C-alpha cells in the first residue's frame with residue numbers, strides 16, 4: 001500500500017509552505033485566488049486528508065460533542081439526539097451519546113468519561129440537577145448547555161413548562177372536565193416534573209378543577225407522551241374508553257403520538273428549535289470561551305388536539 005499523503009506532499013505539489021497549506025485547509029481567506037486554487041487542486045489530486053487527531057492534540061480538545069441523555073428509550077429524546085447530531089455534523093463536530101436511565105450516579109460517570117475524552121462541549125438532555133456534576137464541568141472549562149430544560153448556572157434552552165401544562169388543563173376544563181389527574185414517572189427529570197406538576201395544580205385552581213386520583217378522574221394530564229400512550233392502553237384494557245370515559249393529554253409531541261391509531265392530544269415541544277438553539281448556545285461557548293453570564297432561551301409549546309380528548313359526557 002502506498003503511504004498516506006501528508007501536508008508536506010501537498011506543499012511540494014502546490015509550491016506553497018506547510019503553514020499556507022494548513023491555513024487554506026482551515027478556510028483562511030487572506031490568500032490569493034491562484035494560491036488557493038493550487039493548494040486545493042493538490043489536496044484533490046493527492047487525496048490528502050488533514051490529520052484531525054494531531055490538530056486536536058494541539059488544541060487539547062477533540063472535535064466531539066458529548067450528549068448525555070436521561071432516557072433514550074423515550075422517542076422525544078431520540079428525536080432530539082437525531083437533530084442535535086445533524087446540527088453538530090453541519091458544524092464539523094461528531095457526537096458521543098451516553099444514556100443514564102435517570103440514575104444520578106450513571107449521569108456523573110458518563111460526564112466524567114466525556115471530560116476524560118476532552119470533548120469540545122457537553123449537551124445535557126433531561127439533566128438530573130446534581131450541582132456537583134455541573135460544578136465539575138464548569139471547573140474543567142468545558143462548555144455545557146442544557147437542552148429541553150432550564151438551568152440557571154449554565155446556558156439552557158427549554159419550553160415554558162408553566163404555559164405547557166396550563167394549556168393541557170385549560171383544554172380539558174373547556175371540555176367540561178372538573179376532576180383531573182396528573183400522572184408521572186421516575187424517569188421524568190425531577191426539576192422538570194416539579195415545574196410541570198406545579199403548573200398543573202395552579203391551572204386546576206384557576207379553572208375551578210379538582211386534582212383527583214386516577215381511578216376517579218374523567219381526564220388526565222400526563223408528564224410526557226410515553227406515559228400518556230401507556231395510560232391509554234391501560235385504561236382501555238381496564239374497560240374505560242378513551243376519550244368517552246377518560247380524556248388524556250400528553251406532553252412532548254413525539255411523532256408516534258400523531259399516528260392515526262393513537263391520535264394523542266399533546267402539548268408539543270418545538271424539537272427542531274430546541275436542537276438548533278442548544279447547539280448554537282454550545283458552539284458559541286466553544287468558539288468564544290466561557291465569558292459572560294449563562295444564557296436562557298424559553299420557547300413556546302403548543303397544544304395539538306387529536307382523538308384522545310373529548311367533551312365530558314353528562
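The values are calculated or read from the model by the stated rules, or taken from the named source; none is laboratory data. Bear in mind that the values here come from a model prediction, so they are computed numbers and not experimental data. Because the Cβ atoms are built from the backbone with ideal geometry, glycine has one as well, and the counts that use them run over all protein chains shown.
Determine, yes or no, whether residue 227 is under 22 Å from residue 86 (Cβ atoms) and either outside any strand (DSSP E or B) or without any contact (Cβ under 8 Å) to a residue 12 or more places away in the chain (or both).
no
Just one of the numbered conditions (1) at positive phi; (2) at pLDDT 95 or above is not true of residue 292; which one?
(2)
Taking the residues in the stretch 123-143 that are under 16 Å from the mean Cα position of the chain (by Cα) and modelled with pLDDT of 80 or more as candidates, determine which candidate is nearest to residue 74 (Cα to Cα).
The selected residue is 125.
Quick one: which of 250, 239 is farther than 15 Å from residue 310 by Cα and not assigned by TED's automatic domain parsing to the domain that holds residue 153?
239
Kindly check whether there is at least one residue in the stretch 46-63 that is within 30 Å of residue 138 (Cα to Cα), modelled with pLDDT of 85 or more and touching a strand residue (DSSP E or B) at 6+ places or on another chain (Cβ under 9 Å).
The answer is yes, given that some residue of the stretch 46-63 is within 30 Å of residue 138 (Cα to Cα), modelled with pLDDT of 85 or more and touching a strand residue (DSSP E or B) at 6+ places or on another chain (Cβ under 9 Å).
Go through (1) over 23 Å from residue 268 (Cα atoms); (2) under 26 Å from the mean Cα position of the chain (by Cα) and name the single condition residue 229 misses.
(1)
Pick out the one residue from 220, 169 that is closer than 29 Å to residue 101 by Cβ, modelled with pLDDT of 95 or more and not assigned by TED's automatic domain parsing to the domain that holds residue 83.
Every option except 220 fails the conditions.
Could you please give the count of residues in the stretch 198-224 that are in contact (Cβ under 8 Å) with a residue 24 or more places away in the chain and in contact with a strand residue (DSSP E or B) (Cβ under 8 Å, 6 or more places away or on another chain)?
Matching residues across the stretch 198-224 total 17.
When the residues of the stretch 22-45 are filtered to those that are assigned to a loop (DSSP other than H, G, I, E, B) and closer than 24 Å to residue 92 by Cα, which remaining residue is modelled with the highest pLDDT?
Filtering the stretch 22-45 for residues that are assigned to a loop (DSSP other than H, G, I, E, B) and closer than 24 Å to residue 92 by Cα, the one modelled with the highest pLDDT comes out as 31.
Looking only at residues that are farther than 11 Å from residue 43 by Cα and assigned to a loop (DSSP other than H, G, I, E, B) in the stretch 2-21, which one is modelled with the lowest pLDDT?
Ranking the qualifying residues of the stretch 2-21, first place goes to 2.
Would you be able to tell me the number of residues in the stretch 273-299 that are in a loop (DSSP other than H, G, I, E, B) and touching a strand residue (DSSP E or B) at 6+ places or on another chain (Cβ under 7 Å)?
Matching residues across the stretch 273-299 total 2.
When the stretch 116-144 is examined, which residues are found to be in a helix (DSSP H, G or I) and touching a strand residue (DSSP E or B) at 6+ places or on another chain (Cβ under 8 Å)?
134, 137, 138
Testing residue 139 on (1) surrounded by 14 or more Cβ atoms within 10 Å (Cβ to Cβ); (2) free of Cβ contacts under 8 Å to residues at least 40 places away in the same chain, one condition comes back false. Which one is that?
Only one criterion in (1) surrounded by 14 or more Cβ atoms within 10 Å (Cβ to Cβ); (2) free of Cβ contacts under 8 Å to residues at least 40 places away in the same chain is unmet by residue 139, namely (1).
Scan the stretch 281-302 and tell me whether some residue there is within 24 Å of residue 78 (Cα to Cα), without any contact (Cβ under 8 Å) to a residue 60 or more places away in the chain and surrounded by 24 or more Cβ atoms within 10 Å (Cβ to Cβ).
Checking the stretch 281-302: not a single residue is within 24 Å of residue 78 (Cα to Cα), without any contact (Cβ under 8 Å) to a residue 60 or more places away in the chain and surrounded by 24 or more Cβ atoms within 10 Å (Cβ to Cβ).
Answer yes or no: is there a residue in the stretch 178-191 that is surrounded by 20 or more Cβ atoms within 10 Å (Cβ to Cβ), in the same structural domain as residue 116 (by TED's automatic domain parsing) and assigned to a loop (DSSP other than H, G, I, E, B).
no
Any idea which residue in the stretch 95-119 is surrounded by the most Cβ atoms within 10 Å (Cβ to Cβ), counting only those that are touching a helix residue (DSSP H, G or I) at 6+ places or on another chain (Cβ under 6 Å) and over 18 Å from residue 63 (Cβ atoms)?
If we take residues in the stretch 95-119 being touching a helix residue (DSSP H, G or I) at 6+ places or on another chain (Cβ under 6 Å) and over 18 Å from residue 63 (Cβ atoms), then 111 is surrounded by the most Cβ atoms within 10 Å (Cβ to Cβ).
Which one of 274, 259, 283, 235 is within 30 Å of residue 151 (Cβ to Cβ) and at pLDDT 95 or above?
274
Specify which of the listed residues (169, 220, 147, 154) is within 21 Å of residue 78 (Cα to Cα) and surrounded by 22 or more Cβ atoms within 10 Å (Cβ to Cβ).
The unique qualifying residue is 147.
Loosely packed, with under 15 Cβ neighbours inside 10 Å and closer than 23 Å to residue 186 by Cα: is that true of residue 234 in this structure?
Answer is yes for this residue.
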